[in-house]
Amino acid sequence: HDDWVSSAAWSADGARILTASGDGTAVVWDAETGDPLLELVGHEGQVRQAAWNGDGSRILTVSDDKTGRVWDAETGRELVVLPGEGNSIWLFEHAAWDPEGRRILTASRNGRADVWDAETGSRLATLIGPSCFFYAAWDRQGRRIVAVGFDGTALVGDAETGAELSSFYGHTEPGLYSWVRHAAW
């Protein structure tokens, strides 16, 4: 990479490492030799995150260019683009594959956690929050999502409808340290 590395992830078989960078690319590396195997090029801004699907056949990237992209992990061919919206606050902060690799969950600065069809790029459901979301995660069954963000809240939603199921407001200190940056099931 020609710039800082923003994320790294192992493939499920442990043979490859995936990195995302401020240089606008994601790279697949041979975990044994450190040799680059594949460079994913097409974003027009820093790539904030890159993630494997469960079987390692596809890669998901999210970028400052306000798009998410799905790539073939063997050829590097772009398969799907998740479109951003035109306003200045639409920016994917985080994305995750569902347990079956059929859907994608994105967390955005515009206070949306969107569920997308991984094959078509169609938006399936949206959980709306009171402020920007930094992170979102699936439950193990792929039925619920959780999104966390700037105002110190964590919202749980139905993955099929986007309906809010519950909310948690325990982080109340003002300033930077009230942000919730990560959640897991």
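Across the range 45-64, what is the total count of residues that are farther than 30 Å from ASN110 by Cβ and either within 12 Å of the chain's Cα centre (by Cα) or open to solvent by less than 30 Å² (accessible area, probe 1.4 Å) (or both)? Qualifying residue count, the range 45-64: 1. Within the range 116-150, how many residues turn out to be surrounded by 15 or more Cβ atoms within 10 Å (Cβ to Cβ), touching a Gly at 6+ places or on another chain (Cβ under 8 Å), assigned to a loop (DSSP other than H, G, I, E, B) and free of Cβ contacts under 8 Å to residues at least 40 places away in the same chain? Residues that pass the stated criteria total 1. The residues of the range 65-83 that are touching a Phe, Trp or Tyr at 6+ places or on another chain (Cβ under 8 Å), open to solvent by 20 Å² or more (accessible area, probe 1.4 Å) and modelled with pLDDT of 95 or more, listed by number, are ARG77, GLU78, LEU79. Taken over the range 32-44, the criterion of being exposed (fewer than 15 other Cβ atoms within 10 Å of the Cβ) and in a loop (DSSP other than H, G, I, E, B) is satisfied by GLU32, THR33, GLY34, ASP35, GLU44. For the range 84-115, a residue qualifies if it is in a loop (DSSP other than H, G, I, E, B) and either at pLDDT 90 or above or closer than 20 Å to VAL41 by Cα (or both), and the qualifying residues are GLY84, LEU91, ASP98, PRO99, GLU100, GLY101, ARG102. Scanning the range 11-30 for residues that are in contact (Cβ under 8 Å) with a residue 24 or more places away in the chain, in a strand (DSSP E or B) and surrounded by fewer than 19 Cβ atoms within 10 Å (Cβ to Cβ) yields one hit, THR19.
The number of residues in the range 45-77 that are at positive phi and out of contact with any strand residue (DSSP E or B) (no Cβ under 9 Å at 6 or more places or on another chain) comes to 0.
The values are calculated or read from the model by the stated rules, or taken from the named source; none is laboratory data. Please read all numbers here as calculations on a predicted model, not as lab measurements. Neighbour counts are summed over all protein chains in view; Cβ atoms, including those assigned to glycine, are modelled from backbone coordinates with ideal geometry. SASA here: full protein model, heavy atoms, side chains in, ligands and nucleic acids out. Shrake-Rupley method; radii C 1.70, N 1.55, O 1.52, S 1.80 Å.
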